[in-house]
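Asks: The structure follows.
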Amino acid sequence: MLFDMDGTLVDSEKLWDVALQELAREHGGELSADARRSIVGTAMAESMRILHDDLGQPERDPETSAAWINARILELFRGGLPWRPGAFELLHAVRAAGIPTALVTSSPRALVEIALDTLGRDTFDVVVAGDEVVAAKPHPEPYLTAARLLGVPIERCVAIEDSPTGVASALASGAAVLAVPAEVQLASTVGVHQVESLSGADLELLAGLVTDRAGATG
């Protein structure tokens, strides 16, 4: 099992909203709703590029803005992270069943370490953070890396995602994909099973997704 973090397991996107809007105001502007939707699920460098372009300030240094965001979001994460509906129950059902499990996130390792205080440090066999891969989502590398570290063929994995960027990454990797939209609506996509919340997901559904994927590619 391959779980995304922000917006999938924990409702952290609202904290990113706070930090991004604060940074936009620091730069003398307001982040548009369209730009905010485009940022969901992207790596930090791409997020800063979108923000700067949206403000009409493409000349700004993305590393400087990223450092500001990282410092602010660390403060916000330390205040605690609420679980998304059904996420705690599904994650712990997967672990109780002895299924190899990875966390695959675009967030940097420093933020992940704080989030693990909520998620549980023994909950995942593998953690792949956004700053630990060469190519971030929507490239398939994060999910392919997680499957390799777990020692499980990607075709036998289910990836759970909430954003278009994450879904694209998971789908390109060859995993079965379960999508649970949070901040952004997801288009109906061949090969992607969509649920309104993880409260509607269980081990039987996950096993069926792997079987269906095998049948579609066999």
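Asks: Please determine whether any residue of region 8-22 is without any contact (Cβ under 8 Å) to a residue 60 or more places away in the chain, in contact with a strand residue (DSSP E or B) (Cβ under 8 Å, 6 or more places away or on another chain) and either surrounded by fewer than 14 Cβ atoms within 10 Å (Cβ to Cβ) or not assigned by the TED database to the domain that holds Ala147 (or both).
Replies: Within region 8-22 (the criterion being without any contact (Cβ under 8 Å) to a residue 60 or more places away in the chain, in contact with a strand residue (DSSP E or B) (Cβ under 8 Å, 6 or more places away or on another chain) and either surrounded by fewer than 14 Cβ atoms within 10 Å (Cβ to Cβ) or not assigned by the TED database to the domain that holds Ala147 (or both)), the answer is yes, since at least one residue qualifies.
Asks: On the basis of being under 20 Å from Ala207 (Cβ atoms) and surrounded by fewer than 17 Cβ atoms within 10 Å (Cβ to Cβ), does Glu155 make the cut? Break it down into steps so the answer makes sense when it comes.
Replies: Values: under 20 Å from Ala207 (Cβ atoms): yes; surrounded by fewer than 17 Cβ atoms within 10 Å (Cβ to Cβ): yes.
When the stated conditions are applied, Glu155 passes them.
Asks: Criterion first (assigned to a loop (DSSP other than H, G, I, E, B) and open to solvent by 20 Å² or more (accessible area, probe 1.4 Å)) does Ala168 satisfy it? Spell out the reasoning first.
Replies: Details: assigned to a loop (DSSP other than H, G, I, E, B): no; open to solvent by 20 Å² or more (accessible area, probe 1.4 Å): yes.
Taking the combined requirement at face value, the residue does not satisfy it.
Asks: Say we look at region 174-218 and pick out the residues that are in a helix (DSSP H, G or I) and either without any contact (Cβ under 8 Å) to a residue 12 or more places away in the chain or touching a Ser or Thr at 6+ places or on another chain (Cβ under 9 Å) (or both); which of these is farthest from Ala93 (Cα to Cα)?
Replies: Filtering region 174-218 down to residues in a helix (DSSP H, G or I) leaves 198-200, 203-217.
Subsequent filtering for residues that are either without any contact (Cβ under 8 Å) to a residue 12 or more places away in the chain or touching a Ser or Thr at 6+ places or on another chain (Cβ under 9 Å) (or both) retains 198, 204, 207-208, 211, 215.
Working: Leu198: 12, Glu204: 11, Ala207: 13, Gly208: 16, Thr211: 19, Gly215: 25 Å.
The qualifying residue farthest from Ala93 (Cα to Cα) is Gly215.
Asks: Moving on to the next point. Only one of (1) of a type outside the set (Ser, Thr, Tyr); (2) crowded, with 20+ Cβ neighbours inside 10 Å; (3) in contact (Cβ under 8 Å) with a residue 60 or more places away in the chain; (4) not in a loop (DSSP other than H, G, I, E, B) is not met by Leu111, so which one is it?
Replies: Only one criterion in (1) of a type outside the set (Ser, Thr, Tyr); (2) crowded, with 20+ Cβ neighbours inside 10 Å; (3) in contact (Cβ under 8 Å) with a residue 60 or more places away in the chain; (4) not in a loop (DSSP other than H, G, I, E, B) is unmet by Leu111, namely (3).
Asks: Something else: Basic (Lys, Arg) and either at pLDDT 95 or above or in contact with a Gly (Cβ under 8 Å, 6 or more places away or on another chain) (or both), is that true of Arg60? Give the steps one after another, and end with the answer.
Replies: On the way: basic (Lys, Arg): yes; either at pLDDT 95 or above or in contact with a Gly (Cβ under 8 Å, 6 or more places away or on another chain) (or both): yes.
Criteria met by Arg60.
Asks: Another question, then. Quick one: which residue in Ala71, Ala97, Ala33 is of a type in the set (Gly, Ala, Ser), surrounded by fewer than 16 Cβ atoms within 10 Å (Cβ to Cβ) and over 20 Å from the mean Cα position of the chain (by Cα)?
Replies: Working: Ala71 fails: over 20 Å from the mean Cα position of the chain (by Cα); Ala33 fails: over 20 Å from the mean Cα position of the chain (by Cα).
Criteria check complete, one pass: Ala97.
Asks: While we're on this one: Residues Pro58, Pro62, Pro108: which one is under 28 Å from Tyr143 (Cβ atoms) and not assigned by the TED database to the domain that holds Thr145? Before you say what the answer is, go through the steps one by one.
Replies: Working: Pro58 fails: under 28 Å from Tyr143 (Cβ atoms); Pro108 fails: not assigned by the TED database to the domain that holds Thr145.
Being under 28 Å from Tyr143 (Cβ atoms) and not assigned by the TED database to the domain that holds Thr145 holds for just one of Pro58, Pro62, Pro108, which is Pro62.
The values are calculated or read from the model by the stated rules, or taken from the named source; none is laboratory data. Just so we're clear, the structure is a prediction, and the values are computed from it rather than from any experiment. When we count neighbours, we look across all protein chains shown, and the Cβ atoms used for this are built from the backbone with ideal geometry, even at glycine. The protein model used for the area step is the full one, side chains on, heavy atoms only, and it has no ligands, DNA or RNA in it. Shrake-Rupley method; radii C 1.70, N 1.55, O 1.52, S 1.80 Å.
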